[in-house]
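Shown next, in structure tokens, is the structure this report addresses.
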Amino acid sequence: MTAKPKLFVLLGPTAVGKTALSIELAKALGTEIISGDSMLIYRGFDIGAAKPGLAERQGIVHHLVDIRGPEESYSVQEFQQEADDCIRDMALRGRLPFLVGGTGLYVQSLVEGYVFSEQGSDPAYRAELQRMAETQGGAAVYDLLCRTDPKAAETIHPNNVRRVIRALEVAHMGGETISREKGEPPYDAFVAGLSRPRAELYDRINERVRQMWADGLVDEVRGLLAHGVTREMQAMQGIGYKETAAYLAGECTEAEAVTAIQTATRHFAKRQLTWYRRMKYIHWYDATAPAEKILNEILSDVRGFFRKRSNQ
């Protein structure tokens, strides 16, 4: 029987401290990083997505970053395929595939080998939903999906309006809903998670948002809009971008926009933690411990895990 490819995963809620630690882990392991974050795929979406800059990456190659234009949509199935390509390429080159991310659906679907199925078509109903998304926003159609097919809603990112509409179309046809089914886990995976006390995490989120604003988030969004990115595009539905666009449109004050981003990000972190609780195989580490201690603990556990596997 062919051995499964190895996979090391580092996850945790937004602002917990994954980026800096992931760079040190990648350097220590002599490997590269595969991004598991649904916003880092978009070119030009940097400050609001907390995308690590070239200096911050310290020469570590990052895959699945800046791979789509803002006008393009992106699905969990596309992520699965592209991440798998990266994993198998890195394995062939003798590097330990290292996935770093916070999008729970992306990581879980990859690690657990989810298979997605769909059927049914109704162009007229699809057009009706597209008009709804254009007039009421992507959140409206996602809320409709949550009521119509909650199970499908769990497998689709709220910002992926195209996939949300597809799921509603399938449900409307009375056919097989788009749903996740656990397949055979395709990798021999060690999954590490970073955690912090909730109050501390929320303080870090609030400070990060203030820093994003100071670093030029408004200018970034203004530039995107000036270059043809619209507020309806999937990428612009991301937290930080839609609120800033609303501020630029005069729909709220600067203070209201910052507060809205902070609130939405805290709620997102809470949803991430809820998602991770389903993943019983995560090995949790306290992110409040000294950085060197966390690094050494994880390195020891990762190396021990794969050493044990190779001896079985």
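The values are calculated or read from the model by the stated rules, or taken from the named source; none is laboratory data. Predicted model, so just to flag it, every value in this text is computed and none were measured. Cβ sites come from the backbone with ideal geometry, for glycine too, and all protein chains shown count toward neighbours. Just the protein is used for accessible areas: all its heavy atoms, side chains included, with ligands, DNA and RNA removed. Shrake-Rupley method; radii C 1.70, N 1.55, O 1.52, S 1.80 Å.
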Being within 24 Å of Val164 (Cα to Cα) and in a helix (DSSP H, G or I): is that true of Phe268 here?
yes
If you take the residues in the stretch 96-127 that are assigned to a strand (DSSP E or B) and aliphatic (A, V, I, L, M), which one is nearest to Leu168 (Cα to Cα)?
Val115
Just give me the residues in the stretch 222-253 being over 20 Å from Arg208 (Cα atoms), buried (at least 21 other Cβ atoms within 10 Å of the Cβ) and out of contact with any Pro (no Cβ under 6 Å at 6 or more places or on another chain), in sequence order.
Leu224, Gln234
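Filtering the stretch 58-98 down to residues that are among the acidic types (Asp, Glu) and either within 21 Å of Arg43 (Cα to Cα) or in contact with a Gly (Cβ under 9 Å, 6 or more places away or on another chain) (or both), which residue is most open to solvent (accessible area, probe 1.4 Å)? Walk me through it before giving the result.
The initial filter retains those residues of the stretch 58-98 that are among the acidic types (Asp, Glu), namely 66, 71-72, 78, 82, 84-85, 89.
Keeping just the survivors that are either within 21 Å of Arg43 (Cα to Cα) or in contact with a Gly (Cβ under 9 Å, 6 or more places away or on another chain) (or both) gives 66, 71-72, 78, 82, 85.
On the way: Asp66: 59, Glu71: 122, Glu72: 70, Glu78: 56, Glu82: 45, Asp85: 80 Å².
Once the filter is applied, the top-ranked residue is Glu71.
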For the stretch 25-49, how many residues are among the hydrophobic types (A, V, I, L, M, F, W, C) and surrounded by fewer than 19 Cβ atoms within 10 Å (Cβ to Cβ)?
2
Mind checking which residues of the stretch 271-298 are outside any loop (DSSP other than H, G, I, E, B) and surrounded by 15 or more Cβ atoms within 10 Å (Cβ to Cβ)?
Gln272, Leu273, Trp275, Tyr276, Tyr285, Ile294, Leu295, Glu297, Ile298
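Which residue out of Val229, Val209, Val191, Val218 is of a type in the set (Val, Ile, Thr) and free of Cβ contacts under 8 Å to residues at least 40 places away in the same chain? Walk me through it before giving the result.
Details: Val229 fails: free of Cβ contacts under 8 Å to residues at least 40 places away in the same chain; Val209 fails: free of Cβ contacts under 8 Å to residues at least 40 places away in the same chain; Val191 fails: free of Cβ contacts under 8 Å to residues at least 40 places away in the same chain.
Answer to the selection: Val218.
Here is a yes/no grid of residues against (1) within 30 Å of Phe305 (Cα to Cα); (2) of a type outside the set (Ser, Thr, Tyr):
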{"site": "Arg208", "(1), (2)": "no, yes"}
{"site": "Gln211", "(1), (2)": "no, yes"}
{"site": "Gly228", "(1), (2)": "no, yes"}
{"site": "Val258", "(1), (2)": "no, yes"}
{"site": "Thr265", "(1), (2)": "no, no"}
{"site": "Lys270", "(1), (2)": "yes, yes"}
Any idea which residue in the stretch 272-302 is nearest to Phe8 (Cα to Cα), counting only those that are under 21 Å from the mean Cα position of the chain (by Cα) and among the basic types (Lys, Arg)?
Lys280
